Amino acid sequence: MRTLATALMMAFPALPALAGVACEADKAVFLTDNDPVTIRVELADTPQARAQGLMFRRELPRGEGMLFVYEQPGPVSFWMRNTLIPLDMIFLDAQGVIRHIHPMAQPLDETPIPGARPGDPDPARLMVVEIAGGEAARLGLKPGAAMAHPRVPQDRAAAPCD
């Protein structure tokens, strides 16, 4: 665990010092350069829930979002079919570290949005958080920040739960 944590902190200097976070299933806590950022999340952890996502919603309040959880890490791609509001998509690896943020995905656009930037040596993603468009920047979220949540495998979590 310490070796992984040290490697992550060297690779992503934005990661704060490791400390347990009080985790709840309906909250994603991001450890940023400043204060922790908590987002209330709905879980999408079945194929049906992930396919539905935030389709047909007409609003998404600040501080709320959807956490998509996969059975195992792998390449992911999203689109905005039947999604009526702009979204920020936050792509996380199996340690719960933000690897890529796609800001302001456009409503109804069916262009695939990959979970990794071209050339990313490890494009596997375990989770994706969708929040209202523009919120990631407003909240100070950026690649390298860790998310604490009980669905991040705790044996390798960059931000473990208490």
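The values are calculated or read from the model by the stated rules, or taken from the named source; none is laboratory data. Predicted model, so just to flag it, every value in this text is computed and none were measured. With ideal geometry, Cβ positions are generated from the backbone for all residues, glycine too; neighbour counts draw on all protein chains shown.
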request  = Select, from 158, 146, the only residue that is farther than 15 Å from residue 88 by Cα, of a type outside the set (S, T, N, Q), crowded, with 18+ Cβ neighbours inside 10 Å and in contact with a helix residue (DSSP H, G or I) (Cβ under 7 Å, 6 or more places away or on another chain).
outcome  = 158
Residue count, region 86-111 (criterion: touching a Pro at 6+ places or on another chain (Cβ under 9 Å) and of a type in the set (S, T, N, Q)) = 2
ask   = Give me the pairs: first residue in region 41-68 and over 16 Å from residue 85 (Cβ atoms) and free of Cβ contacts under 8 Å to residues at least 24 places away in the same chain, second residue assigned to a strand (DSSP E or B) and small (Gly, Ala, Ser), beta-carbon distance under 6 Å, and six or more apart or on different chains, which are they?
value = 50/44
query = If you take the residues in region 53-99 that are within 16 Å of residue 113 (Cα to Cα) and among the polar types (S, T, N, Q), which one is surrounded by the most Cβ atoms within 10 Å (Cβ to Cβ)?
reply = 83
task = Output yes when any residue across region 80-91 is of a type outside the set (A, V, I, L, M, F, W, C) and under 17 Å from residue 159 (Cα atoms), and no when none is.
result = no
Matching residues, region 1-31, being β-branched (Val, Ile, Thr), under 19 Å from residue 161 (Cβ atoms) and at pLDDT below 95 = 21
note = When every residue in region 100-120 that is acidic (Asp, Glu) and over 17 Å from residue 134 (Cβ atoms) is compared, the one surrounded by the most Cβ atoms within 10 Å (Cβ to Cβ) is 120
request  = May I ask you to say which residue of 143, 150 is in contact (Cβ under 8 Å) with a residue 24 or more places away in the chain and under 22 Å from residue 22 (Cβ atoms)?
outcome  = 150
